[in-house]
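For reference, the structure discussed in these notes is given below.
The values are calculated or read from the model by the stated rules, or taken from the named source; none is laboratory data. Not measured: the values here are computed from a predicted model. When we count neighbours, we look across all protein chains shown, and the Cβ atoms used for this are built from the backbone with ideal geometry, even at glycine. Surface accessibility is based on the protein's heavy atoms, side chains included, excluding ligands, DNA and RNA. Shrake-Rupley method; radii C 1.70, N 1.55, O 1.52, S 1.80 Å.
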Amino acid sequence: MKQSPSSSISDTTMPSPVSAQLTSPDMNSAISPVISSVKSADIDAQTQVNFITYLQRLLVEGEFTATYKFALLHALADICIERPLHSDVNANLHDALDSVITIDELVVKFIELYWQHSLPYNGVADEAFVLLQSSKKQAKLIRVLAECRLEGIRTLAELMSHKKWKTIHTTTKKVLLDGPIWRLQILAAKEECFYYPHDKSQKHIVLNPGIAFCFRRFYDLVVSLARNHWTQKVSAFPANFAVLGGKGDLSQFLFGSDRNSIISARPLLTEIQQGKCFYCNKPLKNDGSNAAEVDHFIPWARYPNDLGHNFVLAHRSCNNAKRDHLAAQRHKERWYEQNIINNAAQITSELSQYFICDSSRSEAITAWAYQLAHQGDSPLWVMGREFETLKGVERLS
């Protein structure tokens with residue numbers, strides 16, 4: 001499989017969390033979605049158990065008067081998997097390379113997470129209402145983002161290229177530094193810095209040994225728990241309950257994929273794929289099982305974010321058969337050739353007004369997902385009810 005030189009693709013339409021990393025020869029190397037040789041055994045089992053135990057304690061013993069700490073937990077996990085895998089290094093070295101996270105990276109991730117939350121919620125009340133994210137008054141970041149929407153900014157991509165971006169970035173950084181970064185690790189009124197030491201003199205945080213690895217290894221667990229507790233907290237605020245009325249899927253509203261926006265990727269993908277299904281290579285049609293659907297190549301269930309380079313166009317039947325499975329190795333290689341090597345610049349140019357388009361981030365997510373599948377010997381979807389394992393191809397009855 002060909003490697004895409006990082007110098008040949010320029011995703012400059014919007015600020016990239018990846019580009020905010022501190023520079024080093026390893027961290028700036030080109031990425032290829034290959035299976036990394038990093039092994040979980042390099043990080044001892046007790047560290048992994050301690051990580052899960054601390055996560056449980058944090059959610060129970062921590063004080064959450066607003067939702068910022070859930071967002072910070074989510075952001076830490078996201079950043080750890082959105083960085084390139086360093087092939088052919090052990091987990092301890094990989095962990096050390098990824099231990100530094102800049103405040104600016106966290107700022108961008110915070111804005112990404114809260115952007116959808118700034119939409120008005122149409123519940124049982126007479127008027128749409130922007131749900132509170134704090135027990136006393138609306139969280140400052142939500143107020144700022146809601147004002148941007150009122151000014152006609154429709155998408156996160158538009159926000160990141162808008163003249164107000166610098167002001168929003170500065171406001172968000174102040175929110176982070178005034179509270180959640182230094183309060184997340186206060187459990188039962190006691191500071192317990194398990195994730196990272198508190199050093200307010202720096203413009204970054206440094207994760208403790210083994211923490212970056214654990215965020216990668218247990219990403220699904222961390223994000224699932226963070227989102228579940230975040231949703232419960234939003235539901236529990238009295239002003240929100242009057243609007244929600246115990247009805248509707250709040251989790252879908254706060255964290256779901258915008259299906260209407262995803263449709264906007266269909267024309268470009270139809271052109272790139274020459275009107276054929278990405279998986280079976282047969283012609284796409286307008287209705288029935290052969291109707292064209294935009295699919296998240298790395299399933300939404302595994303990485304719940306809309307990235308422009310992660311989309312492919314598939315038959316409805318193929319999409320339904322794949323579901324939340326990772327696709328087989330041959331599909332992964334075709335995705336890399338189509339969306340990264342051949343069409344990365346075009347995808348960025350045409351879809352960046354709707355989605356985050358960062359080819360390096362999509363490559364990193366793909367490498368992470370397949371690394372976990374490799375470690376867990378997970379079946380990879382081939383077609384229909386056929387799956388690929390390390391032992392070959394099998395058909396599920």
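Tell me which residues, restricted to region 183-218, are in a loop (DSSP other than H, G, I, E, B), farther than 17 Å from I52 by Cβ and not basic (K, R).
In the first step, residues of region 183-218 are kept if they are in a loop (DSSP other than H, G, I, E, B); the result is 184-185, 188-189, 192-203, 207-210, 218.
Next cut, farther than 17 Å from I52 by Cβ only: 188-189, 193, 196-203.
Passing the criteria: A188, A189, C193, Y196, P197, H198, D199, S201, Q202.
So that you can scan it fast, the table gives a plain yes or no per residue for (1) under 26 Å from D377 (Cα atoms); (2) at pLDDT 95 or above; (3) in a loop (DSSP other than H, G, I, E, B):
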{"residue": "Q274", "(1), (2), (3)": "no, yes, yes"}
{"residue": "A292", "(1), (2), (3)": "no, no, no"}
{"residue": "I298", "(1), (2), (3)": "yes, yes, yes"}
{"residue": "P304", "(1), (2), (3)": "yes, no, yes"}
{"residue": "A314", "(1), (2), (3)": "yes, yes, no"}
{"residue": "C318", "(1), (2), (3)": "yes, yes, no"}
{"residue": "D324", "(1), (2), (3)": "yes, no, yes"}
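Would you please list the contacts, defined by Cβ atoms under 6 Å and residues six or more apart or on different chains, that run from a residue in region 219-237 that is among the β-branched types (V, I, T) to a residue that is open to solvent by 40 Å² or more (accessible area, probe 1.4 Å)?
T231/S251
Scan region 326-334 and tell me whether some residue there is touching a residue at least 24 places away in the same chain (Cβ under 8 Å), farther than 30 Å from V222 by Cβ and surrounded by 15 or more Cβ atoms within 10 Å (Cβ to Cβ).
yes
Might you let me know whether region 193-201 holds any residue that is modelled with pLDDT of 95 or more and touching a Ser or Thr at 6+ places or on another chain (Cβ under 9 Å)?
Yes: one or more hits.
Inside region 219-263, can you point out the residues that are part of a loop (DSSP other than H, G, I, E, B), of a type in the set (S, T, N, Q) and surrounded by 18 or more Cβ atoms within 10 Å (Cβ to Cβ)?
First, the residues of region 219-263 that are part of a loop (DSSP other than H, G, I, E, B): 237, 245-249, 256-258.
Going one step further and asking which of them are of a type in the set (S, T, N, Q), we end up with 257.
Within region 219-263, no residue meets the criteria.
Applying the selection to region 350-374, what residues are surrounded by fewer than 21 Cβ atoms within 10 Å (Cβ to Cβ) and either at positive phi or under 12 Å from the mean Cα position of the chain (by Cα) (or both)?
A364, the sole residue that qualifies.
Inside region 37-116, counting only helices (runs of 4 or more DSSP H) that do not spill past its ends, which hold 2 or more residues that are over 30 Å from S257 (Cβ atoms), at pLDDT below 90 and open to solvent by 10 Å² or more (accessible area, probe 1.4 Å)?
Numbers: elements: 45-61, 68-81, 91-97, 103-115.
The helices (runs of 4 or more DSSP H) meeting that bar are 91-97.
Quick check on my filter: what residues within region 153-178 are open to solvent by less than 70 Å² (accessible area, probe 1.4 Å), within 20 Å of Q353 (Cβ to Cβ) and part of a helix (DSSP H, G or I)?
L156, A157, E158, L159, M160, W165, I168, H169
This table checks each residue for (1) surrounded by fewer than 18 Cβ atoms within 10 Å (Cβ to Cβ); (2) farther than 24 Å from R385 by Cα; (3) over 25 Å from the mean Cα position of the chain (by Cα).
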site	(1), (2), (3)
A265	no, yes, no
F278	no, no, no
K285	yes, no, yes
P299	no, no, no
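Based on what the data block shows, is N339 part of a helix (DSSP H, G or I), open to solvent by 10 Å² or more (accessible area, probe 1.4 Å) and polar (S, T, N, Q)? Give the steps one after another, and end with the answer.
On the way: part of a helix (DSSP H, G or I): yes; open to solvent by 10 Å² or more (accessible area, probe 1.4 Å): no; polar (S, T, N, Q): yes.
Answer is no for this residue.
Please work out if P304 is of a type outside the set (K, R) and either out of contact with any Lys or Arg (no Cβ under 9 Å at 6 or more places or on another chain) or without any contact (Cβ under 8 Å) to a residue 40 or more places away in the chain (or both). Before you say what the answer is, go through the steps one by one.
On the way: of a type outside the set (K, R): yes; either out of contact with any Lys or Arg (no Cβ under 9 Å at 6 or more places or on another chain) or without any contact (Cβ under 8 Å) to a residue 40 or more places away in the chain (or both): no.
Criteria not met by P304.
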